[in-house]
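Shown next, in structure tokens, is the structure this report addresses.
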Amino acid sequence: MLRRVSGALLALAMLLFYQCRPYHVRQRNFVSDIVNEDYTDAVKHLEKSEKKGQRPRNKTLHLLNSAYTHYLMRDWSGAQALFLEADRHIEDARKSLGLEALSFLVNPSVKHYVPEDFERVMMHYAASLSYLGERKLESALVECRRMNLLLNSLYDATKEKPKYKADAFGHLLMGLIYEASGDANNAFIAYRNAYEIYAGDYTNFFAVKAPEQLKRDIIRTAVKTGFKSEAEYYRNLFGMKVDDEVEPDASLIVFWNNGLVPAKEQWSLDFVILQQNGFITFSNVNLGISFSFPASSVSAQDAGNLADLKVFRIAFPKFTSRKKTYSSAEILLEGKRYAFEAAEPLDAIAHKSLNDRFMREMGTALLRMAVKKAGEYALRQQNKEAGAVLGLANAITEQADTRSWTILPSDVSYARIPLKTGSNKLVVKSYRLNGAPRNDTIVVNAVKGRMYFETITTLKP
């Protein structure tokens, strides 16, 4: 009997060691390939994990990683198909109510992964650009409309403040694609919505102000649409006279994806338990937080077992920022320099989105863990060895959910470059924190009246 218990303890301990590693660590070979721009090897790693039997609960992340890798490879059609499949899988996962219930008893990691709100916005961003890579403007517009539905649902679901509930960059991207398709009216509306979010939440939460280019685009599209009073209002607000500028033959929008989005790690908090007046209260003095639940939330037996517990520890995910190799970038064209402007601070958004729901999810996690620890304590009183096995099992199942879409950029900036009809050769100069700058060349054979889109991703040391 003792040998069987010892064997169970060893097996559980080994499983605990594996489970304790954050998701991004388990994906380190794949992420390393992405950083070094070895996209072919990255695809091989993904295919290998698929053949090993990708767990259904991680299928969404697998699809997103595959789609984004093909996007980086400029395999536009492959990226499009995978993003569509990922989107369908996300919707199916959100309907998995049975696993939602199970996650209360075990932990959120048993659920199908549902992306963070900003990850879903970025899915539409990359999918839109994959369509623009083949100049499929209608398909890109369909992606924009789907993004708009998502953005509206985010706002409706989280009206309370202060929360990440609106994405300025999503509206900015919609405006650019509407304008590229010749729809100045909807472009103006999208630009205006983007400005309002930049001037509000983005300035307050992330210290990112509305780009100057966005201000010029608001006035210009208002003039094109015939909204004279709106154009005059924004001229005065911004102190600009954009309609006096010479319209270029064509234009190029360059998105700069820099660095990697923060990765989720695990951290732990200690809580003291107190029962009185029909309530169970969990408190952490250092953070100054407490959660109270009616004693009727648990069974009488669990409430009795909880009375014997004084302190316990619980795991929770947190985002950890990753160092960037590049600090700034600019575009050179025919002796002129064009600066990038910050558009999407994903590093800051990731931290805020997790913090926004911290208190709500902590309350759920506390009650779940408390019930499990109470059962463990009761079993230890009856059988020490069996209690030890249950304790290790609880430790394994109470790991924080550290899954996330780890290969997204840390931030996205953009620049709008005027082009002449015919061949245009641009150099994107990205400046490393240490070492020589990186040069990327973009060649555009411009047709008069068109907008073009390109993306530069900087990760490689």
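Structural remarks
- Listed conditions (1) touching a Lys or Arg at 6+ places or on another chain (Cβ under 8 Å); (2) of a type in the set (Lys, Arg); (3) closer than 24 Å to residue 443 by Cα are all met by residue 337, apart from (1).
- Among residues of segment 135-162 that are surrounded by fewer than 17 Cβ atoms within 10 Å (Cβ to Cβ) and β-branched (Val, Ile, Thr), those with a Cβ under 8 angstrom from a residue that is assigned to a helix (DSSP H, G or I) and modelled with pLDDT under 85, sequence gap 6+ or separate chain, pair up as 158/356.
- Residues of segment 402-444 that are over 16 Å from residue 460 (Cβ atoms) and aliphatic (A, V, I, L, M): 408, 412, 415, 417, 419, 426, 427, 442, 443, 444.
- Residue count for segment 316-344, restricted to those that are part of a loop (DSSP other than H, G, I, E, B), out of contact with any helix residue (DSSP H, G or I) (no Cβ under 6 Å at 6 or more places or on another chain) and not β-branched (Val, Ile, Thr): 6.
- Residue among 176, 237 that alone is without any contact (Cβ under 8 Å) to a residue 24 or more places away in the chain and on the phi < 0 side of the Ramachandran plot: 237
- With respect to the conditions (1) at pLDDT below 95; (2) within 17 Å of residue 341 (Cβ to Cβ), residue 208 falls short on a single one, namely (1).
- Among the residues listed as 3, 57, the single one being of a type in the set (Lys, Arg) and at pLDDT 65 or above: 57
- Look at (1) hydrophobic (A, V, I, L, M, F, W, C); (2) within 21 Å of the chain's Cα centre (by Cα); (3) modelled with pLDDT of 85 or more and you find that residue 76 fails only one, number (2).
The rows are residues; the columns are (1) surrounded by fewer than 19 Cβ atoms within 10 Å (Cβ to Cβ); (2) small (Gly, Ala, Ser); (3) within 14 Å of residue 338 (Cβ to Cβ).
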site	(1), (2), (3)
405	no, no, no
408	no, no, no
423	yes, yes, no
428	no, no, yes
433	yes, no, no
436	yes, yes, no
443	yes, no, no
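- Within segment 200-235, if we keep just the residues that are aliphatic (A, V, I, L, M) and under 34 Å from the mean Cα position of the chain (by Cα), the residue that is surrounded by the most Cβ atoms within 10 Å (Cβ to Cβ) turns out to be 218.
The values are calculated or read from the model by the stated rules, or taken from the named source; none is laboratory data. This structure is a prediction, so every number in the text was calculated from the model and none was measured. So basically every Cβ, Gly included, is an ideal-geometry build from the backbone, and we count neighbours across all protein chains shown.
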